[in-house]
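> I'd like to ask you about the structure that follows.
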Amino acid sequence: MKAVTMLRRKSDFFVFLDNVLSVKTEVEEQKDEEHTPSPFEEYVQNLLQMKMTSTDQFDNLEKHTQWGIEFVEKYTKFVKERSEIEVSYAKQIRNLSKKYQPKKNSKEEEESKYTFCRAFLMTLNELNDYAGQHEVIAENLTSQIITELSRYLQELKSERKSYFHDGRKAQQHIESSWKQLESCKRRFERDCKEADRAQQYFEKMDADINVTKADVEKARQQAQMRHQMASDSKSDYASYLQKFNQEQHDHYFSVIPTIFQKLQEMEEKRIERVSVCMKTFADVDRQVLPIVGKCLDGMTNAAEAIEPTTDSKQVVESYKSGFEPPGDVEFEDYGMAMKRTASENSLSNTREAKEKPSSKSKGKLWPFIKNKNKGSGPEDFSHLPPEQRRKKLQGKIDELNKDIQKEMDQRDALTKMKDVYVKNPQMGDPASVDPRLSEIGQNIEKLQLEVQKFEGWLAEVEERMPSKSDTHRRSVVFETQNSTTVSNNCAQDRESPDGSYTEEQNSETQVKANINPPTTTPEFDDEFDDEEVLPTIGTCKALYPFEGHNEGTISVAEGELLYVIEEDKGDGWTRVRRNEDEEGYVPTSYVEVLLETNAKGAMTYI
């Protein structure tokens, strides 16, 4: 009985071993079947391929948009260099125009009476305006293109970064969802296999008559639990698969296309902005063409205004001597010294009024006499021909009258300053001005004596001028002399419209200058109330603060800009205006004055 039981147990072991081997074989066969891709696996592979394709498109777009930004930066740099070239060119043109401008009190200034010299000066002025247009081009390029593109580049970079950030975020989200789907799928697959194995084990245990009922019940419960786990995994997998498919559909048909559409619109705007800037680049030049054309027209008009005949007549007028041609040479016998008949108004006759001529001076032909005293000569210019001497004397008188006028202006300014000191002793001592006033009065007397001396020589020359030459001289209108008078008390009173000299008017002017010097100056408040509004002649900037407590002064702050209405007359005070109601005097040393050389009328206050 005991031996039979042992044989039965051995047979049960072999049966169990056969069952295990059969289950293992079935599992291996199932694994072999799994090597063939199922439709689901093919679908997953397609998804992976689409995922890789989407990533590649983002990389391509990222490279292209970065290249677009670099192109905008390159174009901005190009426009900036063009602007720098325009500024440099304008600067060189201005320096060239300034270099050839006539210097003050030079020979070139005297040459401006010729039409070709005036044409050249006008050409230089037009060239200066022409340079200004190139500066306008540079300013417009900077304000309309460079500044705008620089600001747009910052916006473009920020917008591009935002779009690619959204794209990367969406890509990471779909990848995360895909990983969770794969996890659910693997769990479902594992639970299914476990359930199958548990079911097979239960069936074999149930078929085995040698297994106890408790073991069979335990195997059955294990199989049921595995089936329930597989069912739950299946539900989770199906639910998440549905969710993933929806997210994937939204990703590839909504989210990604929207981002790509925004990138496309951004790229189109960038291209359109570059197009607008290129058009502006051409329009900036086109806008200044009318003014450039006017500058060139001005140069052309200046060239057409050149009058060779007028210039040649000007040369004749400048070097006209006033002599009459010498008479015919008389026929003399060989036995007698040759004697030439000289004109009554020749150079030798002119000197007869002062000294007796030598025998050598009578025999010279005046047109061929060389001036050995070029650049220097007697004070009365007696070494010059009558006409040239008259012009030199007249010019000398004009210079002296200018000096007299300057001295009188200084005297007026000092007188005004003295009155200020008298009314406001804390500002200065009135007696300190008297020495300077006395010195100026002596200078005026000396200059007036000089004027009388030169006027006497001028009257002498005009009396000796020949009638023929005088008639020709009076036929010429000296407009340039009439337009350069110093003041109403100077050269304008001595010249008639035809350029002749009048002694009586000049004497009357001198008497007026001596009899009516400005002795008193009205108070500042009276000047502001009674005088008409003075035009501005320039601007000034306050270098230091000035309180201006005294009457007639005005307080200013450091760095304040004011209008100049009366420059310093030598008294150390400059009259300025802040607005239409506030004006007064400030110390000249407290301000930096910029006078306008061509100021005409009052400036408009803003």
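The values are calculated or read from the model by the stated rules, or taken from the named source; none is laboratory data. The shown structure was predicted, so the numbers you read here are calculated from the model rather than taken from an experiment. No Cβ is skipped: glycine too gets one built from the backbone with ideal geometry, and neighbour counts run over all protein chains shown. Accessible surface is based on the protein model in full, side chains and every heavy atom, while ligands, DNA and RNA are left aside. Shrake-Rupley method; radii C 1.70, N 1.55, O 1.52, S 1.80 Å.
> Taking 51 Å as R0, compute the FRET efficiency from the Cβ-Cβ separation of SER239 and ALA557 and round it to 0.05.
For R0 = 51 Å, the calculated efficiency reads 0.05.
> Once you have the Cα-Cα distance between SER589 and LYS313, take 0.36 nm times their residue separation minus that, and quote the gain in nm to one decimal.
94.4 nm
> Output the pairs from LYS392/LYS418; LYS103/LYS396; LYS98/LYS446; LYS193/LYS243; LYS218/LYS243; LYS99/LYS391 with a Cα-Cα distance over 28 Å in this structure; if there are none, say none.
Pairs exceeding 28 Å: LYS392/LYS418; LYS98/LYS446; LYS218/LYS243; LYS99/LYS391.
> Also, quick follow-up: Residue-wise, which Karplus ³J(HN,Hα) couplings in Hz belong to the stretch 122-131, taking 6.51 cos²θ - 1.76 cosθ + 1.60, θ = phi - 60°, and x for glycine or proline?
5, 4, 5, 5, 5, 5, 5, 5, 4, 5
> If packing is taken as the average count of other Cβ atoms within 10 Å, what order do 394-404, 248-258 fall into, highest mean first?
Result, highest mean Cβ count within 10 Å first: 394-404, 248-258.
> What ³J(HN,Hα) values, in whole Hz, does the Karplus curve 6.51 cos²θ - 1.76 cosθ + 1.60 give for the stretch 151-157 when θ = phi - 60°, with x put for Gly and Pro?
For the stretch 151-157, the Karplus curve yields 5, 5, 4, 5, 5, 5, 5 Hz.
> I've got another one for you. Can you work out ³J(HN,Hα) from phi for every residue in the stretch 276-285, in order, using Karplus 6.51 cos²θ - 1.76 cosθ + 1.60 and θ = phi - 60°, giving whole Hz and x for Gly and Pro?
Values, residue by residue: 4, 5, 5, 5, 4, 4, 7, 5, 4, 5 Hz.
> For the stretch 146-261, with only Lys/Arg (+1) and Asp/Glu (-1) charged at the beta-carbon, what is the dipole magnitude about the Cα centre, in debye rounded to 20?
280
> What do you reckon, how do ASP208, ASP59 stack up by accessible area (1.4 Å probe), largest on top?
Ranked list, largest accessible area first: ASP59, ASP208.
> Something else now. Normalised by the number of residues in the stretch 60-162, what is the relative contact order in percent for Cα pairs under 8 Å and 6+ residues apart? Spell out each step's value before the answer.
On the way: 58 pairs, mean separation 47.7, N = 103.
Normalised by residue count, the contact order of the stretch 60-162 is 46 percent.
> Which distance in nm do the two modelled labels at LYS169 and ASP129 give, with both placed 7 Å along the Cα-to-Cβ direction?
According to this spin-label approximation, the distance is 6.1 nm.
> Also: Expressed in nm to one decimal, what extension gain is obtained for the pair GLU463 and ASP297 from 0.36 nm per residue of sequence separation less their Cα-Cα distance?
Values: separation 166, 0.36 × 166 = 59.76 nm, distance 4.92 nm.
Gain on stretching GLU463 to ASP297: 54.8 nm.
> Follow-up. Any chance you could run the full-extension gain for GLU379 through GLN101? It's 0.36 nm times the residue separation minus the Cα-Cα distance, nm to one decimal.
96.8 nm
> Okay, next question. Taking 18 Å as the cut-off for C-alpha to C-alpha distance, list the pairs among LYS63/LYS161; LYS91/LYS541; LYS80/LYS269; LYS416/LYS569 that go past it.
LYS91/LYS541; LYS80/LYS269
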